[in-house]
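One structure is given here, and the rest of the page talks about it.
The values are calculated or read from the model by the stated rules, or taken from the named source; none is laboratory data. Bear in mind that the values here come from a model prediction, so they are computed numbers and not experimental data. Heads up, the Cβs are rebuilt from the backbone with ideal geometry, glycines too, and the neighbour counts pull from every protein chain shown.
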Amino acid sequence: MPDAPIRVAFLGPAAAAGVHALHAPAGGLEPHFFDVRPGTQALDLRTQLLHFAPHAVVALEPSVVPPRALDGLGAATLAVGTADGFDRVLGVPGVNAAFWRSRPLPIDDRLFADVRSSHHAPRALFLGESSPHREGLLIHAKHGYDVQHYAHGLSGEALIQALAAADVGIALNPTPEPGFPPQMPLHLAAGHLLLAERPTPSCGLEAGIDYLEFDSHDGLLGLLYQVKLRPDAYDLVRVRGRLKAEEHRASRVWPRIVGDLLVDVAAFG
C-alpha cells in the first residue's frame, strides 16, 4: 500500500459516470475525475494520467477508455462491468457473472441532500435513456402529472439543480427483465420519495419502508395520485430511504474498494 494520500483516477463520461465518482479527498484518497468520452485520444489521456501519476485507476465506463491509454502507468486498475485488460472487475447488481466485487455504484457526495418538505403539487423526475419499456410505464404519467424526464444525462450544477427541484424520483429498468434500477441510490441520496420497479436483487432496500414499489403504468399512476393527494403522507419513507443512501456515499465506499484493490493486487497480481 502506498503512503497516503492515494491518488485515484476515475474515468468516464461526465454525464453518465461523474455521478458515481469521488470528487474530493476522503478516506486517504486524492481523487481526480477525467471526462473520458467516445473519441478521446489515447495519447492525450495517457499524458494526463502520467502527469497525475495515480496509484489506482477506476474505469466507470471502460468501453470508452482508449486501448493502451493505461500502458506504463504502474497503477492498479478496476473496471465496472465486464472488460479485458484491467486487474479487477467491479460488478453491478442484476448481472450474473463472477466479479471481484459486486455492489450498486456509489453516489457523489455533492448530490446528497436533506429530506425537504414536499411541494403542494409534488414534482417527479426520471433520469435515464428512453426505451420501449420505460416509455410504456412513463407515457401516461407524463401526461397526467408533473414528471420531468432527462434522457441524455445531466452533470454538475445542472444535475444538482434538477434534483433539488424534484420531490419524487422514479427508477425504471431499461427492459422488462428483472434488475436493479441504477437510479435508485441517486434519488434516495437526493432525499426524494422513490417510486421504483422491484429491484432484483434488493441490495437491502425494502418496499414500503425505503421506497414505494410498482409493477405497471397503472401502479405508477396510482402512486403519483396518492402523492399528489397527500404530499406529506410518505415523509417517513423518504427519511428511511435517505438513511439507506448513506451506504452508497462515495466518500465512504470508494476508500474501502480502492484499499481492497491495492491490497489484493499486491498479494495476487
task = Residue by residue through the range 161-176, note down the ones that are of a type outside the set (S, T, N, Q) and over 18 Å from Leu220 (Cβ atoms).
result = Ala162, Leu163, Ala164, Ala165
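Where residues in the range 210-269 are polar (S, T, N, Q) and more than 24 Å from His120 (Cβ to Cβ), which of them is modelled with the lowest pLDDT?
Ser216
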ask   = Where in the range 114-189 are there strands (runs of 3 or more DSSP E), lying fully within it, with 1 or more residues that are under 21 Å from the mean Cα position of the chain (by Cα), among the hydroxyl-bearing types (Ser, Thr, Tyr) and in the same structural domain as Tyr211 (by TED's automatic domain parsing)?
value = 147-150
task = Being over 19 Å from the mean Cα position of the chain (by Cα), farther than 17 Å from Pro231 by Cα and assigned to a loop (DSSP other than H, G, I, E, B) is the filter here, so list the residues in the range 194-218 that pass it.
result = Phe214, Asp215, Ser216
key: Candidate set: the range 8-29, residues that are over 13 Å from the mean Cα position of the chain (by Cα) and without any contact (Cβ under 8 Å) to a residue 60 or more places away in the chain; chosen: the one farthest from Ala75 (Cα to Cα)   = Pro25
ask   = Name the pairs: first residue in the range 31-43 and hydroxyl-bearing (Ser, Thr, Tyr), second residue outside any helix (DSSP H, G or I), Cβ to Cβ under 7 Å, at least 6 apart or on different chains?
value = Thr40/Pro66
ask   = When you go through Val227, Val253 one by one, which is the residue that is within 19 Å of the chain's Cα centre (by Cα) and either assigned to a helix (DSSP H, G or I) or buried (at least 18 other Cβ atoms within 10 Å of the Cβ) (or both)?
value = Val253
Qualifying position, being of a type in the set (A, V, I, L, M, F, W, C), closer than 20 Å to Val19 by Cβ and under 23 Å from the mean Cα position of the chain (by Cα), among Ala79, Ala98 = Ala79
query = Mind checking which residues of the range 80-101 are out of contact with any Phe, Trp or Tyr (no Cβ under 8 Å at 6 or more places or on another chain), surrounded by 15 or more Cβ atoms within 10 Å (Cβ to Cβ) and closer than 29 Å to Ala166 by Cβ?
reply = Val80, Gly81
query = Can you name the strands (runs of 3 or more DSSP E) wholly within the range 1-108 that have at least 3 residues being hydrophobic (A, V, I, L, M, F, W, C)?
reply = 6-12, 29-35, 56-59, 76-80
inquiry  = Filter the range 226-252 down to the residues that are touching a strand residue (DSSP E or B) at 6+ places or on another chain (Cβ under 7 Å), over 30 Å from Val58 (Cβ atoms) and not hydrophobic (A, V, I, L, M, F, W, C) and list them by number.
reply    = Tyr234, Arg238
